[in-house]
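Have a look at the structure below, then the notes.
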Amino acid sequence: MSVRAYAITFRAPPSRPISQRMKPSSTQVRAVLQALDTFEIEVPSWGFADTGTRFGKYLQDAAAIDLNDKLADAGQVHRLTGCCPTVAVHVLWDFQPGQKPAEVMKLAKKHGVRIGSINPNLFQDQHYKYGSFGNPRAEVREAALRHVVESIELGQQVRSDLVSLWFADGTNYPGQGNLRERKHWFEQCLKAAHRKLARGQTLLVEYKPFEPAFYATDIADWGMAYLMAKAAGPQAKVLVDTGHHYVAQNIEQIVAWLLDEDMLGGFHFNDRRYADDDLTLGSIDPYQIFRIFHEIHAYTAERGKAPKIAYMIDQSHNDKPKIEATIQTVMMAQELYAKAALVDHAKLAVLQGRERQVDAEEMLRRAFFTDVTPILQRWRKANGLPADPLAEHRKSGYEKAAGAERKARRKALGLGAGGGYA
Ligand SMILES: [Mn+2]
């Protein structure tokens, strides 16, 4: 092609200034406000407690000691952000033996929150050394099933409709286990658990490629979780933990496929750089979370109705102040959800149909780079919330007061340094 011919076929893109291109229209503002109205995200009780790595724990004065502290901290987050009404609980870490569910509900209510997803613990007891639902010993599989059934019943008692299952099951060496037999044990146990669900309860099946098992994890990816959920029954869905993928995996495509199959039950949000790092959402790759939200908004626009998805946080705030880290996460989630709501899906479909790939991609990029802070502030003001929840938390003195009180209580209870790696 001659230079002259090239010049004729070239069409310059519209040359509006960037600031104008990035300014949301009134239709976009409405779409964002509407999206924010329906967005809720669940905080994990364990995000407020002292956690660490396998090498040890560093303690914080203001970290929650017991369930009351955790619910109080979650209450502080919800008071400031207005979108975290429920708290995920870990049965073994949060419930004292014989603790009455009604008391726990009352406690949550006192702090302005509700009990959310119930997370059974199928990895900490000694008998789970070689697995829970995949354990070669029938009595261990039965004990694991009993614990899951108790968790399902606990969910019914505290009026929570989500039971969230993550299995540490797997084998560390080739030849150690019969991979197909373990699959069958999983199917049997999941079916048995599903039979105990009440109407309205959902069983979430989470997957993770490796860790703690380093050879073969029993539910290692979304396809395996999908098959397991299908085998369990109609009330079982897949849970996508954003940190539970190999680095190059296209998570938003997994999300799109699960949505299309009506098998997406929920998310555990976090970010990572290397593996399952449990870092703050969006701290490493906010565009990843934006793309996930884009798929959900696109699906909603197409179907005219938002899918029922449980948005949850699963992070360990090992060295950040816990409540600050949680508020930061929630604000980031809202911001990315809002940005993704800027995309005009009808227009995008036209561009896709005309194979205008650069323009289609630009729609996503522009939405991602648009500053939605003024819209978020407007939404917060309309809902009687502080414009900047993190600044408001810092001003409140909550952390300092909790630190002083909990430090003294820890001393009185004789709670010393946390457990180490060995
Ligand atoms: Mn998780």
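Tally up the residues in the stretch 287-305 that are part of a helix (DSSP H, G or I) and small (Gly, Ala, Ser), please. Steps first, please.
Initial filter on the stretch 287-305 (part of a helix (DSSP H, G or I)): 287-303.
If we keep only those that are small (Gly, Ala, Ser) as well, we get 298, 301.
Total satisfying the criteria: 2.
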Restricting to the stretch 196-221, and then to whatever is within 15 Å of the ligand (Cβ to nearest atom), assigned to a loop (DSSP other than H, G, I, E, B) and touching a helix residue (DSSP H, G or I) at 6+ places or on another chain (Cβ under 8 Å), can you tell me which residue is farthest from ARG182 (Cα to Cα)? TYR207
Give me the helices (runs of 4 or more DSSP H) completely within the stretch 76-193, filtered to those with at least 1 residues that are modelled with pLDDT of 95 or more, surrounded by fewer than 14 Cβ atoms within 10 Å (Cβ to Cβ) and not polar (S, T, N, Q), ordered by residue number. 101-110, 138-157
Considering only the stretch 259-282, state which residues are surrounded by 18 or more Cβ atoms within 10 Å (Cβ to Cβ), part of a loop (DSSP other than H, G, I, E, B) and away from the ligand (no atom under 12 Å from the Cβ). THR280, LEU281, GLY282
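Filter the stretch 25-63 for residues that are in a loop (DSSP other than H, G, I, E, B), within 16 Å of ILE115 (Cβ to Cβ) and among the acidic types (Asp, Glu) and give the result. Let's see the steps before the verdict.
Taking the stretch 25-63 first, the residues in a loop (DSSP other than H, G, I, E, B) are 25, 39-41, 50-51, 54-55, 58-63.
Right, trim to within 16 Å of ILE115 (Cβ to Cβ) and you get 40-41.
Of everything in the stretch 25-63, just one residue is in a loop (DSSP other than H, G, I, E, B), within 16 Å of ILE115 (Cβ to Cβ) and among the acidic types (Asp, Glu), namely GLU40.
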Per the filter on the stretch 247-258, residues away from the ligand (no atom under 16 Å from the Cβ) and not in a helix (DSSP H, G or I) are VAL247, ALA248, ASN250
Taking the condition of being among the β-branched types (Val, Ile, Thr) and either part of a loop (DSSP other than H, G, I, E, B) or surrounded by fewer than 21 Cβ atoms within 10 Å (Cβ to Cβ) (or both), how many residues in the stretch 316-350 meet it? 2
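One residue is enough: does the stretch 297-309 have a residue meeting the conditions of a type outside the set (Phe, Trp, Tyr), within 16 Å of MET332 (Cβ to Cβ), within 16 Å of the chain's Cα centre (by Cα) and within 16 Å of the ligand (Cβ to nearest atom)? Working first, answer last.
Going residue by residue through the stretch 297-309, those that are of a type outside the set (Phe, Trp, Tyr) are 297-298, 300-309.
Checking which are within 16 Å of MET332 (Cβ to Cβ) leaves us with none.
No: the stretch 297-309 contains no residue that is of a type outside the set (Phe, Trp, Tyr), within 16 Å of MET332 (Cβ to Cβ), within 16 Å of the chain's Cα centre (by Cα) and within 16 Å of the ligand (Cβ to nearest atom).
The values are calculated or read from the model by the stated rules, or taken from the named source; none is laboratory data. Here the structure is a predicted model, which means the values were calculated and not measured. Note: ideal-geometry Cβ built from the backbone for every residue, glycine included; neighbour counts use all protein chains shown.
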